[in-house]
Amino acid sequence: MSDRKVRVRFAPSPTGALHIGGVRTALYNYLFARQHGGDLVFRIEDTDSNRFVPGAEEYILESFKWLNIEFDEGVSFGGKYGPYRQSERRDIYKKYVDVLLERGKAYIAFDTPEELDKKRADIANFQYDASTREQMRNSLTLSKQEVEELIAKGEQYVVRFKIEPHEDVCVNDLIRGEVIINSSILDDKVLYKSADQLPTYHLANIVDDHLMEITHVIRGEEWLPSAPLHVLLYRAFDWEDTMPSFAHLPLLLKPEGNGKLSKRDGDRLGFPVFPLEWKDPKTGDVSSGFRESGYLPEAVINFLALLGWNPGNDQELLSMDELIQLFDLSKCSKSGAKFDFKKGIWFNHQYIQKKSNADLAKLFEPKLISQGVNAPLDKVERVVELMKERISFVDELWEAASFFFVAPESFDEKTAKKRWKEDSAKEMTELATLLEGLSDFSAANQEAVVMDWITQHDLKVGVVMNAFRLAVVGASKGPHMFDITEFLGKEETLQRLYKAIEVLG
Ligand code: GLU
């Protein structure tokens, strides 16, 4: 077992947008595969046609492309274990269903939905299992001939797994340790349906993991209850030697910590729970995505990686390469991880600081263009440099920094009342004359000259600078004043000063 090449898979069902918990599952699989020089397979589990949602598969692929989670093989990537879409593997599953039937590990059941409903009404807590299967219409109670006749007549049937009761089934989970469940609580799960000639999730999942030589199944906690069933299936097939190791990841919890994170929490508190924006094809409802909300993919990766795992020290900023090096499945927590979306914002802030000014300028450019601003790239870079410390999202740049590109159209009333004093017009006129005379308009030179002038005329620095800022920015915000005026240049600075003097009087 240990000499097998590590192979893991991410196997979503295309039932809609990929929940952020699913993204974390894929990320952990990716980190594990890379760390062990193994393969990561992308399999689509689409055997439940009722739940199929068009566009979901494309959405999932686009999400991982954005996040830089790379697959080695699978749907859209190819590989020698294909096809990787379960709906294209019907013949394979049929073969394995027949194996179980031949071995007496499964049986054919003809009970109609009405018959099953009636049973449920008659017997409290009815479960189709060793205690009831003898009372049902199946290949255990009907003769071989009757079964053949029913099938020949075209009657629909399912194949059920024959679970032997009273057995402690042990699942050795890499995160949870030994989980023991008694087989009596399991029902004879449907493995195959003649109606659509497709297996159910349980059979397809096991057969594929086996055929695709998967060594580790890393998946969400919600699948833990089916793990004993999966162990029993491996046994029924005689595949125990190559049964993958299981790891069931902790749930993602609401930010408050009580209960599972849901889309509604995102709507309620204003954060996305999907990687990309998603438009439900049926209802037309649009759900926000991390990408469209302005998160950087690196930040999302770092944020998600630490939901349920940490490197054992307080290092929080970890690149993908560091994560690959440090990730340790056995150190994942058993208990759920609170989805602290404010931490997600913090990560985005951190990754914005790490990004180059040139990259940020490129991200900011579309917004500038949409606002009719056509500034040279080096100018945009300079603004980014001056402002990035103050933002957590590139989108916040416009609100914070538009005054670099467009002169204030009005002056914040409250600020004007407080900061435009009786002498302000006079002082700003003198200041304008002073600045006009400068041949060196660098921030340092302006500052030296202006401070000198303030001292000589016994003016108050705060009063002068507040009025100056109001005139140039239109409000009491922004970085160092002379960095702003150096950026604007003499002409623009003077124009803004004169306009303020005229308007504010
Ligand atoms: N198809 C399952 C899902 O939608 C995958 C479960 C597993 O990883 O085994 O999550």
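Structural remarks
- Hits in segment 68-90 - residues which are aliphatic (A, V, I, L, M) and either touching a residue at least 40 places away in the same chain (Cβ under 8 Å) or over 24 Å from residue 301 (Cβ atoms) (or both): 69
- Condition check for residue 165: crowded, with 19+ Cβ neighbours inside 10 Å and either closer than 19 Å to residue 127 by Cα or more than 13 Å from the ligand (Cβ to nearest atom) (or both): no
- Residue within segment 198-210 that is surrounded by fewer than 17 Cβ atoms within 10 Å (Cβ to Cβ) and either in contact (Cβ under 8 Å) with a residue 12 or more places away in the chain or touching a Cys at 6+ places or on another chain (Cβ under 6 Å) (or both) present: no
- Count of residues meeting criterion [touching a Pro at 6+ places or on another chain (Cβ under 7 Å) and not aliphatic (A, V, I, L, M)] in segment 154-184: 2
- Counting the residues of segment 206-218 that are more than 10 Å from the ligand (Cβ to nearest atom), on the phi < 0 side of the Ramachandran plot and out of contact with any Leu (no Cβ under 8 Å at 6 or more places or on another chain) gives 5.
- Residues in segment 170-185 that are within 16 Å of the ligand (Cβ to nearest atom) and in contact with a helix residue (DSSP H, G or I) (Cβ under 6 Å, 6 or more places away or on another chain): 171, 174.
- Residue match in segment 136-150 (condition: among the charged types (D, E, K, R) and in contact with a helix residue (DSSP H, G or I) (Cβ under 9 Å, 6 or more places away or on another chain)): yes
- Only one of the numbered conditions (1) over 17 Å from residue 163 (Cα atoms); (2) modelled with pLDDT of 95 or more is violated by residue 128, and that is (1).
- Condition check for residue 39: in contact with an Asp or Glu (Cβ under 6 Å, 6 or more places away or on another chain) and away from the ligand (no atom under 14 Å from the Cβ): yes
- Screening 347, 364 for residues that are among the aromatic types (Phe, Trp, Tyr), under 21 Å from residue 391 (Cα atoms) and more than 21 Å from the chain's Cα centre (by Cα) leaves exactly one candidate, 364.
- Candidates are the residues of segment 15-28 that are near the ligand (Cβ under 9 Å from one of its atoms) and either of a type in the set (D, E, K, R) or surrounded by 18 or more Cβ atoms within 10 Å (Cβ to Cβ) (or both); the one that is farthest from residue 284 (Cα to Cα) is 25.
- The one condition in (1) within 29 Å of residue 192 (Cβ to Cβ); (2) in contact with a Gly (Cβ under 6 Å, 6 or more places away or on another chain); (3) more than 9 Å from the ligand (Cβ to nearest atom) that residue 50 fails to fulfil: (2)
- Within this structure, residue 281 fails the test of being in a loop (DSSP other than H, G, I, E, B), touching a residue at least 24 places away in the same chain (Cβ under 8 Å), surrounded by 19 or more Cβ atoms within 10 Å (Cβ to Cβ) and not acidic (Asp, Glu).
- Condition check for residue 188: touching a residue at least 24 places away in the same chain (Cβ under 8 Å), of a type outside the set (Ser, Thr, Tyr) and within 13 Å of the ligand (Cβ to nearest atom): no
- Looking only at segment 219-264, and only at residues there that are under 22 Å from residue 203 (Cα atoms), among the charged types (D, E, K, R) and under 25 Å from the mean Cα position of the chain (by Cα), the one that is nearest to the ligand (Cβ to nearest atom): 219
Yes/no matrix, rows are residues, columns are (1) closer than 30 Å to residue 319 by Cβ; (2) β-branched (Val, Ile, Thr); (3) surrounded by 16 or more Cβ atoms within 10 Å (Cβ to Cβ):
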{"site": "341", "(1), (2), (3)": "yes, no, yes"}
{"site": "348", "(1), (2), (3)": "yes, no, yes"}
{"site": "363", "(1), (2), (3)": "yes, no, yes"}
{"site": "383", "(1), (2), (3)": "yes, yes, yes"}
{"site": "389", "(1), (2), (3)": "yes, no, no"}
{"site": "406", "(1), (2), (3)": "no, yes, no"}
{"site": "424", "(1), (2), (3)": "no, no, yes"}
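- Residue in segment 314-324 that is of a type in the set (Gly, Ala, Ser) and under 23 Å from the mean Cα position of the chain (by Cα) present: yes
- Those helices (runs of 4 or more DSSP H) of segment 290-367 in which 2 or more residues are over 16 Å from residue 67 (Cβ atoms) occupy 320-326, 341-354.
- Restricting attention to segment 1-14, the residues that are within 9 Å of the ligand (Cβ to nearest atom) and either at positive phi or among the charged types (D, E, K, R) (or both) add up to 1.
- Search result, residues across segment 191-205 that are among the aromatic types (Phe, Trp, Tyr) and either under 32 Å from the mean Cα position of the chain (by Cα) or within 16 Å of the ligand (Cβ to nearest atom) (or both): 201
- Some residue of segment 99-110 being of a type in the set (D, E, K, R), more than 17 Å from residue 239 (Cβ to Cβ) and either over 37 Å from the mean Cα position of the chain (by Cα) or exposed (fewer than 13 other Cβ atoms within 10 Å of the Cβ) (or both): no
The values are calculated or read from the model by the stated rules, or taken from the named source; none is laboratory data. Remember, predicted model here, so these are calculated numbers, not experimental data. Don't worry about glycine lacking a Cβ; one is built from the backbone with ideal geometry, like all the others, and counts go over all protein chains shown.
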